[in-house]
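Just below is one structure, and these are the notes that go with it.
The values are calculated or read from the model by the stated rules, or taken from the named source; none is laboratory data. Note that this is a predicted model, so its numbers are computed, not measured. Ideal geometry is used to build each Cβ from the backbone, glycine not excepted, and the neighbour counts take in all protein chains shown.
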Amino acid sequence: MHFYVGSSYAGGQWATGDEPLYYIVSPKDVVIAKPRDAKDHISWLLQHGWHEKALAAVEAGQGRSDLLDEVGSSYLDHLIVERKYTEAASLCPKLLRGPTSAWERWVFYFAHLRQLTVLVPYIPTENPRLCDTAYEVALVALTTNPSFHKDLLSTAKSWPPVIYSALPIISAIEPQLNTSSMTDALGEVGMNIFILILITNFGYYYIFSIMNYFTMSGTSKVVCN
C-alpha cells in the first residue's frame with residue numbers, strides 16, 4: 001500500500017484555500033481522503049444526537065450559515081420525536097432564521113400534531129411575515145378549547161388584522177354559540193376584534209349577521225379597548 005499526497009502546486013505546496021487530498025493506493029483499491037472540515041464535524045455531532053453542541057458550533061461560526069437550517073430542522077425533529085413540543089416551539093425563533101417557507105412548514109406540522117397552540121406565542125407577524133393561512137390556522141386552533149380562549153383574545157388583539165382573514169375564525173366560533181364552550185373571552189373576540197376587521201374588509205352586511213349571532217347567544221356585553 002502506498003500513500004500519495006495530491007497538490008495544486010509542484011513539490012507538495014498547497015495553494016491558499018485549496019483542500020488537500022490524500023490518495024491511499026493498494027493493489028485493489030484507491031481511497032481518496034481529506035481532512036475533516038467544520039461541516040463534517042457538525043454532521044458527526046448530529047449523527048450522535050448532540051444537537052445542542054451542533055447548534056453551538058454553527059453559531060460560533062464553525063460552519064456556513066446555511067448549515068443552521070439543517071441543524072435547526074434536525075434539532076426540532078429530535079424534540080418532536082421526544083414529544084417535547086413546548087421546548088421545540090420555544091426554540092423556533094432561534095432555529096428558523098431561513099426562508100419564510102421554513103416557518104410555514106413548522107406551523108402546519110404543529111397543526112398536524114395538534115400542538116399548534118404551544119407555537120402560537122412564537123409565530124412572527126413580520127420579518128418574516130407568513131402566508132395568511134398560517135395565521136388563520138393558528139387562530140382557529142385557539143378556538144377549539146375554552147382553556148385557549150383568553151390566549152385567542154390576546155393574540156387576536158396583538159396581531160395586525162391585515163395578516164389574516166377573519167372569516168375562518170368566525171366560522172370556527174359560530175358552532176360554539178349557545179353551547180357550554182362559549183366563554184366571555186370568545187365573546188369579546190367575536191364582538192370587538194372580528195367585527196372591527198369585518199367593518200374594514202367586508203362591510204356592514206357581515207357585521208349585522210355576526211351581531212345577530214351573538215345577540216341570539218345571549219352575549220350582549222361589548223368591551224371596546
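Pairs needed: first member in the stretch 153-176, closer than 18 Å to T125 by Cα; second member anywhere, assigned to a loop (DSSP other than H, G, I, E, B); C-beta distance under 7 Å; at least 6 residues apart or different chains.
W159/T125; P160/T125; I163/T125; I163/R129; I169/T143
Among the residues of the stretch 64-79, count how many are closer than 22 Å to R114 by Cα, touching a helix residue (DSSP H, G or I) at 6+ places or on another chain (Cβ under 6 Å) and surrounded by 16 or more Cβ atoms within 10 Å (Cβ to Cβ).
5
So which residues in the stretch 154-174 are touching a helix residue (DSSP H, G or I) at 6+ places or on another chain (Cβ under 8 Å), of a type outside the set (A, V, I, L, M) and outside any helix (DSSP H, G or I), if there are any at all?
Across the stretch 154-174, the qualifying residues are W159, Y164, S165.
Restrict the check to the stretch 85-96 and report whether at least one residue is at pLDDT 75 or above, in contact with a helix residue (DSSP H, G or I) (Cβ under 8 Å, 6 or more places away or on another chain) and assigned to a loop (DSSP other than H, G, I, E, B).
Yes, some residue in the stretch 85-96 is at pLDDT 75 or above, in contact with a helix residue (DSSP H, G or I) (Cβ under 8 Å, 6 or more places away or on another chain) and assigned to a loop (DSSP other than H, G, I, E, B).
Could you go through the stretch 137-144 and let me know if any residue there is assigned by TED's automatic domain parsing to the domain that holds L96, under 13 Å from the mean Cα position of the chain (by Cα), crowded, with 18+ Cβ neighbours inside 10 Å and more than 16 Å from A185 (Cβ to Cβ).
no
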